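Participant: Please find one structure pasted underneath; my questions will follow.
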Amino acid sequence: NTRSVFEVNKLGVMRIGVILLLFTYGLDFFLKKDLNKPKKNSNESNSQPWKTNLIEWPLLLWLGSTLLSTFFSQNLIISIYGTYDRWEGLLTVSNYIALFFLTYKLILSNKQGIFLSWMIVISTFLSCFYGVAQSLGMDIIKWSLDPTQRVFASINNPVHFCAYMGMVLPLCIACIIHMKEKFNEYKTV
């Protein structure tokens, strides 16, 4: 029993998702061991399953600094799990790093990247419409706070809701530009 619907539920979904991604990535890696061998009809020298990129170093530094701060922490339990209602301990930060890294490694084509971008944009628009409905008082969920006073659209905090909308805005613009270019390609054919 928690006092709010936002405390553990979303974090639990994220952790289950990271575990499923790790399982999928590991299964894919072990089932396709022949990726280590260069292809016979290919001149590609970089046909390895694990190509290092520059993105790995900042992630390793972030994980290393988190491990060091946990090791030298005065309260080891809070450093590992985080505090109640925050949960920003070593476990959660490790999940963030793994989620970012696995997403980066599992997007292998432009088509997959475009699909993921559109899914983020569509879910953001749905959340935005829900926020507008909340501000108009048309909310089917009975929240502990009055959503017409501070619209949060199931993100728990209006400040986070606004920041998320702001972060996704450039992605929305990029998707619209991409769609316009694709439309022009089909138009000229």
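The values are calculated or read from the model by the stated rules, or taken from the named source; none is laboratory data. Computed from a predicted model, the values in this text were never measured in an experiment. Please note: Cβ atoms are built from the backbone with ideal geometry, for glycine as well, and neighbour counts cover all protein chains shown. Heavy atoms of the whole protein, side chains included, go into the accessibility calculation; ligands, DNA and RNA do not. Shrake-Rupley method; radii C 1.70, N 1.55, O 1.52, S 1.80 Å.
Participant: Among what's in region 117-134 and is among the polar types (S, T, N, Q) and either in contact (Cβ under 8 Å) with a residue 40 or more places away in the chain or under 28 Å from residue 179 (Cα atoms) (or both), pick the residue that is most open to solvent (accessible area, probe 1.4 Å).
Facilitator: The extreme case among them is 123.
Participant: Which residue is nearest to the chain's Cα centre (by Cα), if the candidates are limited to region 95-146 and must be closer than 30 Å to residue 82 by Cα and among the small types (Gly, Ala, Ser)?
Facilitator: 98
Participant: Just wondering, is there one or more residues in region 100-116 that are over 29 Å from residue 58 (Cα atoms) and surrounded by 16 or more Cβ atoms within 10 Å (Cβ to Cβ)?
Facilitator: The answer is no; no qualifying residue exists.
Participant: Which of the following residues is out of contact with any Phe, Trp or Tyr (no Cβ under 6 Å at 6 or more places or on another chain), part of a loop (DSSP other than H, G, I, E, B) and of a type outside the set (S, T, N, Q): 99, 126, 54, 68? Outline the logic, then answer.
Facilitator: Numbers: 99 fails: part of a loop (DSSP other than H, G, I, E, B); 126 fails: part of a loop (DSSP other than H, G, I, E, B); 68 fails: part of a loop (DSSP other than H, G, I, E, B).
Step by step, each of 99, 126, 54, 68 is checked, and only 54 is out of contact with any Phe, Trp or Tyr (no Cβ under 6 Å at 6 or more places or on another chain), part of a loop (DSSP other than H, G, I, E, B) and of a type outside the set (S, T, N, Q).
Participant: Name the single residue that is surrounded by the most Cβ atoms within 10 Å (Cβ to Cβ) among those in region 135-170 being in a loop (DSSP other than H, G, I, E, B) and among the hydroxyl-bearing types (Ser, Thr, Tyr).
Facilitator: Among them, the one singled out is 154.
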